[in-house]
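Reviewing the structure listed below.
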There are 4 protein chains.
Amino acid sequence: MPGSQTPTRRYSYLGPAGTFTEAALKQVPEAVGQEWCPVANLGEALSDVVSGSSDAAVIAIENSIDGGVTVAQDALATIPGLRIVGEYLVPVRFVLVARPGTRMENINVVSGHPVAYGQCRAWLDDQIPRHRHLPATSNVQAAADLFDSEKGIDAAIAPPGIEEHYDVEVLAEGIAENPDAMTRFVLVSRTVPVGDPTGADKTSLIVELPEDRAGSLLELLEQFATRGVNLTLLASRPIGDRMGRYRFVIDAEGHIKDERVADALLGVKRFSPHVVFLGSYPRADRIAATTHAVYDNDTFRDARDWLRGVIEGTPDGSD
Amino acid sequence: MPGSQTPTRRYSYLGPAGTFTEAALKQVPEAVGQEWCPVANLGEALSDVVSGSSDAAVIAIENSIDGGVTVAQDALATIPGLRIVGEYLVPVRFVLVARPGTRMENINVVSGHPVAYGQCRAWLDDQIPRHRHLPATSNVQAAADLFDSEKGIDAAIAPPGIEEHYDVEVLAEGIAENPDAMTRFVLVSRTVPVGDPTGADKTSLIVELPEDRAGSLLELLEQFATRGVNLTLLASRPIGDRMGRYRFVIDAEGHIKDERVADALLGVKRFSPHVVFLGSYPRADRIAATTHAVYDNDTFRDARDWLRGVIEGTPDGSD
Amino acid sequence: MPGSQTPTRRYSYLGPAGTFTEAALKQVPEAVGQEWCPVANLGEALSDVVSGSSDAAVIAIENSIDGGVTVAQDALATIPGLRIVGEYLVPVRFVLVARPGTRMENINVVSGHPVAYGQCRAWLDDQIPRHRHLPATSNVQAAADLFDSEKGIDAAIAPPGIEEHYDVEVLAEGIAENPDAMTRFVLVSRTVPVGDPTGADKTSLIVELPEDRAGSLLELLEQFATRGVNLTLLASRPIGDRMGRYRFVIDAEGHIKDERVADALLGVKRFSPHVVFLGSYPRADRIAATTHAVYDNDTFRDARDWLRGVIEGTPDGSD
Amino acid sequence: MPGSQTPTRRYSYLGPAGTFTEAALKQVPEAVGQEWCPVANLGEALSDVVSGSSDAAVIAIENSIDGGVTVAQDALATIPGLRIVGEYLVPVRFVLVARPGTRMENINVVSGHPVAYGQCRAWLDDQIPRHRHLPATSNVQAAADLFDSEKGIDAAIAPPGIEEHYDVEVLAEGIAENPDAMTRFVLVSRTVPVGDPTGADKTSLIVELPEDRAGSLLELLEQFATRGVNLTLLASRPIGDRMGRYRFVIDAEGHIKDERVADALLGVKRFSPHVVFLGSYPRADRIAATTHAVYDNDTFRDARDWLRGVIEGTPDGSD
C-alpha cells in the first residue's frame, strides 16, 4: 500500500540467471521478492556490499571437490567491514552441451568455469582425452559462448536445465566426478551485530600465525581442542608477502555466543597477531555441534562462579 | 594499653623449639610477638586451624631432597576450609650428635626423622654402613631420645645448634647429601579472601583427572601451557580408592588474580571432576613469573574488548 | 659421435615458449641440450611422464601470492607412479600489454591465466575498476589472443619480454601485487630410488586423516613436532567424496634419509589410512634445515644402540 | 643329593617373617624352596643384589593409599646395575594390637611403620584422637616392641595373623582406610637380558627432563601418547640438586620388545638427558595392554616396509 512499503532489499550474486549462485540465493528466505542483481565477478559482488549499493551478496566459498574458493577466502581476509550471515548448499551437477548436431568425436575445445572444469576433468579426460579447456567466467556464459562462433568452442560444461535458456543439445549428463558434490555458498552483509545461536551454528574466522613454524599451528589448533571446539574447515592461504607465509581460514562448530567458542576465540585473539572474525551463522546442514558436556555453557558459568567463590574465600568454595 | 590491645594471634607448628618448622615460623613477619604453639604432628597443626584454636599453622610441604611431604599434600587435598597464605624456605643442614664420649665405630642405631634420614642416608651408608635407622617424630626429639637409654639409640641426626639445648657432642657436621638443600614451608589459615598479587606469586591447587589415562594428564598440562603458565611443581598422589588412581598436586607460577592464571584455573575446573584451590601467595624466593607478553593482563583485557566488539558489530571490530 | 650418443631426454612443460614454466625448466641443469616439449596443460604434462613419452615434467606447485596450485596438488595425490626430484623458484613479474595505441580508459576485458590475474587483481581493481576478466590457459596465450579480435580482449597480463614475441605495447610494468612474488616449480619423474641428502632438502607428502575431526590433525602435526621436523607447507585439499573431508599436502624440512624425517614418516604412515610419498629433493632456496641437536642422525643412532643394550642387559646399558 | 644339586638361590626381603614383603616373596614361583634372607631395610636388600650376595630382592614400590615408595624409587634411580624382573600385589590389611588387657581409652602411643600409619591414620584420628605415633622399622617390629616396656608403646599397627607370633590381643581389625588397599612389590635382580613379552606386561623407567619447565613434561608425555602407550604411573621425585628439579618415575603398559614401547623409549632417550630403564616384566594383575590397532607390532613392521619401499622406489610403494 502507498506509504507503508518496506524499502526493497538488494542482493548481488554471480550471474547470469541460472548459475549455481542464483540457486543458492533462492534458498535465502529474506531475499524472496527482493531485488536480485547479477554481477560479473566476486569483487563486484563484495564491492556492492561495502559501498552499500547492495544489502548483501551470495558468494561461493567452498566446494566438496575443489576445496575452498581461494579468491573468496582472500577477499574476506582482506576487505574490512564484511560479515557472513548465512550459509547454503547447492548440489553440483553438470551436463555437457553443444550446438545441436555436434558429435562427441568432433569436440576439441570445451569451455567451462575453472571450478566446474576441475569437477568434470576426470570424465573429460576419459571421454575426450585430447580436449582443450577454455576457461569461462561462468558456466552459463560457457553455454552462451557456444553461439559466439569465433570463440571456437565445441562444447560447454553447464548446469542442468541450461537447455531451457539456450538452444543446446545435452550430450551427457552427470559428468561431474562425484554425484554428491556440493558447493557451499555464504550470504555476506556489512558488519552487523551477531545474531543468536540456533544450536546448529558455524563460526568462520581467519587467523594469522605469530611465527613461521609448525609449532604455532599446533598451538592454534590447541586453542580449539582444549575447549572442545571441532573444526569443519582448516585451509591455508598465502599471506602473499613471501613464500611459505600462510594465514588460516577456519570454520568452527558453534556460535560466538556459545561459551566454549567465545573462550576459544579469546585464546586465538591473544595468540595471533591478526584475527578476522567473519561471522557466526546457522549451518546449512542443520547439524548440531557435537560437544562434550564439559564444554557446555553451564560448565563455563559454573567454573566462573567457582573462581569468584575461591577468590572471595566463600566457605566450601574450594570444590 | 588496657582496653586497646589487639587480641593475640596463635600459630601452631611442629615442635619442640629448635625444629626447622620453628625456623620457618620465625620468617613470618605477622607472627612476631604472637603466641607460638608447638604440636606433635601435622594433623594436630591443621586441626588447630580448622577448629579455630589457632589462627594459622606452619607446615613443611616440599623438600629439595625428599620431594613433596606427602602427608601434608594429602591433608591439604582432603581437609576442607584451609588456605595457603605464605611460603618460606629454610636451609636444611644436619649434624650427627651422640652422648659425650661416643665413638663412631660404636654407633649401631641412628635416630632421626625419616625425611632427615633420607637426606643423610648417603653419608651414613658410607661412614656407618651397617647402621640401623630408628625413626623419630622430629629431629629435636631424636636428640632428646639419646638420653632415654632404653631406646637403645647411639646417635641422632639433629639440626645445627642442638648442642645448646642438649648435652650432646657433635660427631660430624654437614652430613646432609646436598649442602644447598632447602625445605619449603607454607603458612596455612582458614579459608579467607585471596590477597593481591605481588608480581612474584605462586598458586597451589590439587586436581583430580577425569579418566585414568595418560591422555587426560596431557590435557591438564595443556590448560596451563596454552595460557603460558609455568608449573614449579607437579606431584602425583594416590586418591586411595584403588591402585593407579592419582590426583595431582600443582604449584603454578602467578596469582589467581593474574588473568592467565584465572583463565587456566577456569579451564582446569571445567575439565576436572574435582579441583581444590589451595591458595595464591607471595613466593618465598621472590622470583617474578616468567611469561610472554601474549599472556599478560592487558592482552587478556584487549581480547575481551575485541570479542565484545565483534559480537556487537562495531565497525572495524574485526581486527 | 655415431654409436656413442646418450639418448636424448625429453622434458614436458606448460608452453608455449616464454612461460614461467619454461623459465623454471631453464634452471634444470640436466635438461640443458635435451628435448623440451611444450604441452597444453598439467594433465598432459603428467601423462607424458606416466606413459614414458617424456622423462620428466616441470609443473608449478605453489605460488607466494596464490598458494598451492590445487590442480597440481590433486594430480600428485591421485596419479600413482610419480615422484618429485627437483624444485625451482621463478620470480613472478607481470606487465599489462595491449595492441599498440590502446589507452587505459578504453580497456574493458583483461585476459590472463587465473593465477596471474589473482596476483594482479589489486592493481587492476584500482586502475581499471570495472574491468572484466577473461581467463586464458597461459599468460603467453593471453597476449596472443589480443590479435584474435573476436575474443574481445582489450589487454593481457603477460610476462616481461612478451613484446619480443608479439607486437604488443606495454601499458604498465610491475603490476603484480608483490614485487617479491615467486612461483615454485617441481620436476616430476616416474618413481625412482630417492637420491642422497644434500643437507638442504625438502620432503613432500600427502596424508589423509584417519577421522574427520580437529584432533586427528593435531595428532598428525605432533608426528613431525615430536621429531623436530619443521613444515614449510601445510595445505588442505578436499578428498572429494563429501564436504568437509580433506587430505593434507605437506612439505617438511629434511630428507627421508635423515633419521628424524624417516621416523616422522613412519609415525605418519602408522597413523594415516593413506600416505603418498612424493619425494625428497634439494631445496631451491638451499636453506639448510633448522633442527635441534636432539634430532640429528647421531642422536637417533645412539638411542638405537642404547635400546639394544638395555634389551641385551649390557652392563651400564641403563644410561 | 651330592653332585646333582642346583645351587640354592638367595632372596633378600624386608624382614622379619610375617611382613607384607614376605607375603610378596611367597608369590614368586622360582623362590620356592630357596634361601630367604630377611634384611633390616631397603638399602641392605639392594646392596645384597648389587654385591651378589643375593640373587634378587623383593621390595615395596607403590601403595594404593600412600603412593610411590619414594626411597625405593630413588634407590632404583641412582643405583646402577639393577633390573625389575617381576611384580606382585599384596592386599594391605591391618589390625590394632596391644598387650593383653589393654583398653582403648588407655592408649596414648601407637607404633607402626610410617606407611602403615598413613593408611590407618583416619581410623586412629577418629578413635584415638590424641594418640602419638612412634615410627617403627616394620609393623612386625612394632608388635614386638610392645614387650620392650621402656619404649612406652601402648598399641601397634600390625598385619593380620600377628597374634600367632606374639602374645598380643587384637583390639580392632580392618583399621586401614580402604579395605581394597594393595601394596605393589617388585622383584629386583642384577641387570640381565630382558625376557619375552607375555601380552600383559609393564615397563618401568626413570626419566630426567631436559629443561625445568612445564613444556618439557608435555613433550615427554607426548612421546608415549603419539605411540599409543598408556602410563599406569607417573610420579615425580626431586633430583636433589635444587628445589623444583624433578625426575619422573614412569610405568608404561607394554614391553620393551613391543614395537610401540620400543619406539616410545627411543623417543624418550633422544629427548632426555638421562633415562634409566628399570625393566619390562609381567604385570601382577595380568591385564593386557589396551592399545589401538594402529599401534600393534604389524603396523610398525608394515610402516618400516613401506619406508624401505619408497626409498628404493619400488613401483606402487607410495601407498
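The values are calculated or read from the model by the stated rules, or taken from the named source; none is laboratory data. Quick caveat, the model's predicted, so the values are computed rather than measured. Note: ideal-geometry Cβ built from the backbone for every residue, glycine included; neighbour counts use all protein chains shown.
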If you scan region A:115-131, which residues turn out to be buried (at least 17 other Cβ atoms within 10 Å of the Cβ) and either of a type outside the set (Gly, Ala, Ser) or touching a His at 6+ places or on another chain (Cβ under 8 Å) (or both)?
-> A:Val115, A:Tyr117, A:Gln119, A:Cys120, A:Arg121, A:Trp123, A:Leu124, A:Ile128, A:His131
Output for Cβ contacts, cut-off 7 Å, separation at least six or different chains, first residue of a type outside the set (Ser, Thr, Tyr) in region C:114-134, second in a helix (DSSP H, G or I) and crowded, with 21+ Cβ neighbours inside 10 Å, reads C:Ala116/C:Asn139; C:His131/C:Leu124; C:His133/C:Tyr117
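Do the conditions hold for A:Gly3, that is, is it surrounded by fewer than 23 Cβ atoms within 10 Å (Cβ to Cβ), away from every other protein chain (no Cβ under 12 Å) and either at pLDDT below 90 or touching a His at 6+ places or on another chain (Cβ under 6 Å) (or both)?
When the stated conditions are applied, A:Gly3 passes them.
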Among the numbered conditions (1) more than 9 Å from every other protein chain (Cβ to nearest Cβ); (2) under 17 Å from the mean Cα position of the chain (by Cα); (3) not charged (D, E, K, R), tell me where D:Thr232 comes up short.
-> (1)
Select from region D:69-83 the residues that are more than 12 Å from chain B (Cβ to nearest Cβ) and within 23 Å of B:Arg130 (Cβ to Cβ) and write down the one among them that is surrounded by the most Cβ atoms within 10 Å (Cβ to Cβ).
-> D:Leu76
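Residue by residue, here is whether (1) touching a Lys or Arg at 6+ places or on another chain (Cβ under 7 Å); (2) more than 9 Å from every other protein chain (Cβ to nearest Cβ); (3) surrounded by 23 or more Cβ atoms within 10 Å (Cβ to Cβ) holds:
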{"residue": "C:Leu218", "(1), (2), (3)": "no, no, no"}
{"residue": "C:Gly254", "(1), (2), (3)": "yes, yes, yes"}
{"residue": "C:Leu278", "(1), (2), (3)": "yes, no, yes"}
{"residue": "C:Pro282", "(1), (2), (3)": "no, yes, no"}
So is C:Ala60 within 30 Å of C:Ile206 (Cβ to Cβ), touching a residue at least 12 places away in the same chain (Cβ under 8 Å) and either not polar (S, T, N, Q) or not assigned by TED's automatic domain parsing to the domain that holds C:Arg286 (or both) or not?
-> yes
Do the conditions hold for C:Gly86, that is, is it at pLDDT below 95 and more than 13 Å from chain A (Cβ to nearest Cβ)?
-> no
Would you check if D:Glu259 is in contact (Cβ under 8 Å) with a residue 24 or more places away in the chain, acidic (Asp, Glu), within 30 Å of D:Val140 (Cα to Cα) and in contact with a helix residue (DSSP H, G or I) (Cβ under 7 Å, 6 or more places away or on another chain)?
-> no
Matching residues in region A:104-114 - criterion: being surrounded by fewer than 21 Cβ atoms within 10 Å (Cβ to Cβ) and under 20 Å from A:Glu173 (Cβ atoms) = A:Met104, A:Glu105, A:Asn106, A:Ile107
So, of the residues in region B:137-183 that are under 30 Å from D:Asp241 (Cα atoms) and polar (S, T, N, Q), which turns out to be surrounded by the fewest Cβ atoms within 10 Å (Cβ to Cβ)?
-> B:Asn178
From the option list C:Val186, C:Val194, single residue qualifying as touching a Ser or Thr at 6+ places or on another chain (Cβ under 9 Å), part of a loop (DSSP other than H, G, I, E, B), touching a residue at least 12 places away in the same chain (Cβ under 8 Å) and crowded, with 20+ Cβ neighbours inside 10 Å is C:Val194
Could you check, for region C:51-68, whether at least one of its residues is surrounded by fewer than 20 Cβ atoms within 10 Å (Cβ to Cβ) and of a type in the set (Val, Ile, Thr)?
-> no
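For region D:44-55, indicate whether the set of residues that are within 22 Å of B:Thr70 (Cα to Cα) and not assigned by TED's automatic domain parsing to the domain that holds D:Ser236 is non-empty.
No - not one qualifying residue is present in region D:44-55.
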Answer with yes or no whether A:Ile287 is more than 7 Å from every other protein chain (Cβ to nearest Cβ), in a loop (DSSP other than H, G, I, E, B) and not aromatic (Phe, Trp, Tyr).
-> yes
Number of the exception - B:Glu208 against (1) over 23 Å from the mean Cα position of the chain (by Cα); (2) in the same structural domain as B:Tyr295 (by TED's automatic domain parsing) | (1)
Residues of region D:188-216 that turn out to be touching a strand residue (DSSP E or B) at 6+ places or on another chain (Cβ under 9 Å) and facing another protein chain (nearest Cβ under 7 Å), as a count | 5
Can you pull out the residues in region B:39-68 that are within 12 Å of chain D (Cβ to nearest Cβ), of a type in the set (S, T, N, Q) and in contact with a strand residue (DSSP E or B) (Cβ under 9 Å, 6 or more places away or on another chain)?
-> B:Asn41, B:Ser47, B:Asn63, B:Ser64
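Provide a single number: the residues in region A:166-182 that are in a loop (DSSP other than H, G, I, E, B) and within 14 Å of chain C (Cβ to nearest Cβ).
The number of residues fulfilling the criteria is 6.
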Within region B:86-136, the count of residues that are closer than 30 Å to B:Asp55 by Cβ and β-branched (Val, Ile, Thr) comes to 3
Pick from B:Arg301, B:Arg286, B:Arg308: which is over 24 Å from the mean Cα position of the chain (by Cα), farther than 27 Å from B:Leu217 by Cα and in contact (Cβ under 8 Å) with a residue 12 or more places away in the chain?
-> B:Arg301
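Report, by residue number, each residue of region A:220-229 that is among the aliphatic types (A, V, I, L, M), within 11 Å of chain B (Cβ to nearest Cβ) and in contact with a Ser or Thr (Cβ under 8 Å, 6 or more places away or on another chain).
Listed by number, the list holds a single entry, A:Leu220.
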Over region B:6-27, the set of residues β-branched (Val, Ile, Thr), surrounded by 19 or more Cβ atoms within 10 Å (Cβ to Cβ) and in a loop (DSSP other than H, G, I, E, B) is B:Thr19
Those residues of region C:241-252 which are touching a residue at least 12 places away in the same chain (Cβ under 8 Å) and facing chain A (nearest Cβ under 7 Å) amount to C:Gly244
Could you list all residues from region C:12-24 that are of a type outside the set (S, T, N, Q) and either within 14 Å of another protein chain (Cβ to nearest Cβ) or in contact (Cβ under 8 Å) with a residue 40 or more places away in the chain (or both)?
-> C:Tyr13, C:Leu14, C:Gly15, C:Pro16, C:Ala17, C:Gly18, C:Phe20, C:Ala23, C:Ala24
What number goes with the only condition from (1) of a type in the set (Phe, Trp, Tyr); (2) under 23 Å from C:Val194 (Cβ atoms); (3) within 12 Å of chain D (Cβ to nearest Cβ) that C:Trp306 does not pass?
-> (2)
Flag if D:Val95 is surrounded by 21 or more Cβ atoms within 10 Å (Cβ to Cβ) and either in contact with a Leu (Cβ under 6 Å, 6 or more places away or on another chain) or farther than 20 Å from D:Gln141 by Cβ (or both) = no
